[in-house]
Amino acid sequence: MDFTFTPEQEELREQARAFLADHPEASWSELAELGWTGVSIAEDQGGAGLTFIEEAVIFEELGRAAHHGPYFSTIALTLPALPDDLRAEVAAGEASWTLALGPLVSDLDTAERVAIIGGDGIYELEGAQRDILDTTDESRPLGVLRGGEPGRRLADSGVLEEIRRRALVALALESCGVARRALEYAIEYAGQREQFGKRIGIYQAISHPLADAFTKAELSRSLSLWAAWCVSVDDEQAPVAAAAAKAYACEAAVAVCETSIQVHGGIGFTWEHVLHRLYKRALWNDSFLASGTQLRAEIAGALLDGQVPEAQQAPVSVTQGG
Amino acid sequence: MDLRDTPEEAAFRAELRAWLEENLPGSLRGHRGGAARFDEPEMRAWSRALYDAGYAGLTWPKEYGGGSAPYTHQAIFLEEIARAEAPPHIGVIGLGMAGPTIMAHGSEAQKQRHLAPILSAEEIWCQGFSEPGAGSDLAGVRTTARLDGDHFVVDGQKVWSSFAHIADWCILVTRSDPESSRHAGLTYLIVDMHAPGVEVRPLRQITGEAEFNEIFFTGVEVPAENVLGEIGEGWQVAMTTLLHERGTLGFALQAALEVQIRKLVALAQDRGADALQRDRIAHEWSELQALRFTNARSLSQLVKTGIPGPEGSIAKLVWSEANQRVTKLALELLGPDAPLADGNAPYGGYWQYQQLRSRGNTIEAGTSEILRNIVAERVLGLPKSR
């Protein structure tokens, strides 16, 4: 068992964190130049031929930066449905995509092309009108599509299961990045701000909620990385792992942001401070695709009515006696 | 990153699982009732069997009778004994606390004398740290050790000591300098529990049984060579013990919680659960996975760099609160049968006992409040409150 990143993966994280700190508004073509859009695309299609683990690193960092762009919608939602030639365009930064999973479509303001689900297939939608809607998280607007015609058939709809798992885990990872950043702001503030003659981090009314926030953030990260690994190797636990990660990490990020806002006091409630942007991203991620309640209902179904595969094939004891 | 067992780890796990299948006495299976609930000769025999099979002290050096095995083997061992619902080795304090402290601070003579009998369960240890006036604030200890020629004379009272009623030895934190206060002037002693002047009284707890004890020391003579570390340096030695108490425990706690949640799922299948209860069961299952992979992350970091990751410090905090929620949820699932106990209750009163016992989880081995202080100050780097 090895639950560490390779030096190359660590390097990718450092690069991503530094780049996004300097270029918060980085464009799709800039991300492509860094090689991020082709991470898991095969080398002969112009990609790096890596895995969902490397994409996981990028999702976490994009979440941390509350990045505005079509990476989530292209890489998590649409990529598995794209044929080779269109993947090559994504790797080259020539195209970005989104997939209409419902009436409200993510990243419709920035994604260049749109895929839709029709019957047993996924198709490109051509000639549709886009209405971009106001959203509380301005960095990730939703939009609606009007009209248009189905064009090229991209994939069989059987790929939707994989898409859903990738999307759930990507949102979980983004929320891990959001939570970590919100926590860092709170730790920094609690170590500097003085009230009643002392730095407020001394008071356990401040430090204990922050310890709990750290705990939630770390538990979220463990779940999300486990789920990412399950997706990367198509482990049989991938469906429940993805559901658990999305439910837990997205709710945790909301709670961690709330703790951070509370620790900041009035400053945390202002438009000027960056915290509200992280908070709004956390709320967006929590509500998109499926709520924690819906996902836990799925998990409970698997646990109580179905079968959750055991990682190590442990014998299941049904004895109740103490 | 590969979260599967390596072929070598899988082989170790398979061999251990087969061994447990073969060797775990039926009477001990499912016996997780704590220190007060077992039959001592049977538990000693079980511990001896673990030792003979090479499963005691897996990570201890070979020269002291251990297995010199990687930490991953210890993690697999703890997972598997919990899944088989096998009781742990009786030398919980010796293996987890006294032994590692002796290895870190002991003289060669102390290592040669004490380590092997811990593994073979020939000698059982208890811990003399907490006192009526020194609980979370260990630096307040008042039990005195007065040097008199070639021995110390120990007087005082210790409390919350598991296994003291059957222990042969005690790791004891004393105040050797009467003029000192707080962290200075403490001395860490190895005390023979059979020495004249040692008296053990059981402490009856919320469950009705007596897992813990009080220990009274009245003019107990302890040879000077039984100091662990240096005279006056007892605080540093005690910190090593507590590091091990909290550090090596994660996998055992996770595995114990896994058993609880498996039983909770079986209970819900047996008795039914409504939508809200199902939601909570799914949440507890998720948090168990989160705890499991947090331990795995911490362990991987430890194996790779020799230093456990900061995420490891939350295992006990998370487990204790999860175990309290899970056992209460089980009582809720029992509905009108929840107030019944022991033989009159469904499943032999398992959940009623577990629920009451779980109340101690957030207090023993570091209260949740102290653990939050540790996370806040040492992991997050917030200003110190004390």
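The values are calculated or read from the model by the stated rules, or taken from the named source; none is laboratory data. Remember, it's a predicted structure, so these values are computed and weren't measured experimentally. When we count neighbours, we look across all protein chains shown, and the Cβ atoms used for this are built from the backbone with ideal geometry, even at glycine.
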Long-range neighbours under 9 Å by Cβ, at least six apart or interchain, first residue away from every other protein chain (no Cβ under 13 Å) within the stretch B:356-379, second in a loop (DSSP other than H, G, I, E, B) and among the charged types (D, E, K, R): B:GLY360/B:GLU211
Members of the stretch B:294-306 found to be more than 7 Å from chain A (Cβ to nearest Cβ), farther than 16 Å from B:HIS73 by Cα and buried (at least 24 other Cβ atoms within 10 Å of the Cβ), listed by number: none
Spans of helices (runs of 4 or more DSSP H) in the stretch B:7-110 with at least 3 residues surrounded by 19 or more Cβ atoms within 10 Å (Cβ to Cβ), within 14 Å of another protein chain (Cβ to nearest Cβ) and under 19 Å from the mean Cα position of the chain (by Cα): B:71-83
Which listed residue is outside the structural domain of A:TYR279 (by TED's automatic domain parsing), within 21 Å of A:PHE5 (Cβ to Cβ) and of a type outside the set (Val, Ile, Thr), from A:LEU31, A:LEU77, A:LEU86: A:LEU31
In the stretch A:184-199, the residues that are more than 7 Å from chain B (Cβ to nearest Cβ) and surrounded by fewer than 24 Cβ atoms within 10 Å (Cβ to Cβ): A:GLU184, A:TYR185, A:GLU188, A:TYR189, A:GLN192, A:ARG193, A:GLU194, A:GLN195, A:PHE196, A:GLY197, A:LYS198
Any chance B:HIS183 is assigned to a loop (DSSP other than H, G, I, E, B), touching a helix residue (DSSP H, G or I) at 6+ places or on another chain (Cβ under 7 Å) and surrounded by fewer than 20 Cβ atoms within 10 Å (Cβ to Cβ): yes
Hey, B:VAL326 touching a residue at least 40 places away in the same chain (Cβ under 8 Å), part of a helix (DSSP H, G or I), within 24 Å of B:ILE307 (Cα to Cα) and β-branched (Val, Ile, Thr) or not: no
Matching option when the condition is in the same structural domain as A:THR78 (by TED's automatic domain parsing), more than 26 Å from A:HIS67 (Cα to Cα) and among the basic types (Lys, Arg), among A:ARG130, A:ARG146, A:ARG140, A:ARG113: A:ARG146
A:ARG87 being touching a helix residue (DSSP H, G or I) at 6+ places or on another chain (Cβ under 6 Å), within 27 Å of A:SER222 (Cβ to Cβ), at pLDDT 95 or above and charged (D, E, K, R): no
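Results for (1) more than 9 Å from every other protein chain (Cβ to nearest Cβ); (2) at positive phi; (3) in contact with a helix residue (DSSP H, G or I) (Cβ under 9 Å, 6 or more places away or on another chain); (4) surrounded by 19 or more Cβ atoms within 10 Å (Cβ to Cβ), shown as yes or no for each residue.
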| residue | (1), (2), (3), (4) |
| --- | --- |
| A:SER232 | no, no, yes, yes |
| A:ASP235 | no, no, yes, no |
| A:ALA238 | yes, no, yes, yes |
| A:ALA241 | no, no, yes, yes |
| A:ALA245 | no, no, yes, yes |
| A:TYR248 | no, no, yes, yes |
| A:VAL256 | yes, no, yes, yes |
| A:SER260 | yes, no, yes, yes |
| A:HIS264 | yes, no, yes, yes |
Condition check for A:GLY63: touching a Phe, Trp or Tyr at 6+ places or on another chain (Cβ under 8 Å) and under 26 Å from A:VAL254 (Cβ atoms): no
Which listed residue is part of a helix (DSSP H, G or I), among the aliphatic types (A, V, I, L, M) and more than 8 Å from every other protein chain (Cβ to nearest Cβ), from B:LEU291, B:LEU317, B:LEU331: B:LEU331
Flag for B:LEU264 being at negative phi and within 14 Å of chain A (Cβ to nearest Cβ): yes
Candidates B:PRO383, B:PRO336 - the one that is under 26 Å from A:SER207 (Cα atoms) and surrounded by fewer than 19 Cβ atoms within 10 Å (Cβ to Cβ): B:PRO383
Candidates B:HIS105, B:HIS151, B:HIS114 - the one that is within 27 Å of B:GLU211 (Cβ to Cβ) and touching a residue at least 12 places away in the same chain (Cβ under 8 Å): B:HIS114
Members of the stretch B:242-261 that are away from chain A (no Cβ under 12 Å) and more than 14 Å from the chain's Cα centre (by Cα): B:LEU257
Filter result for the condition that a residue is away from chain B (no Cβ under 14 Å) and either in contact with a Pro (Cβ under 8 Å, 6 or more places away or on another chain) or buried (at least 24 other Cβ atoms within 10 Å of the Cβ) (or both), over A:ARG165, A:ARG221, A:ARG153: A:ARG165
Contacts under 9 angstrom Cβ, first residue in the stretch A:200-212 being more than 8 Å from chain B (Cβ to nearest Cβ), partner among the aromatic types (Phe, Trp, Tyr) and surrounded by fewer than 24 Cβ atoms within 10 Å (Cβ to Cβ), 6 or more apart: A:ILE200/A:TYR189
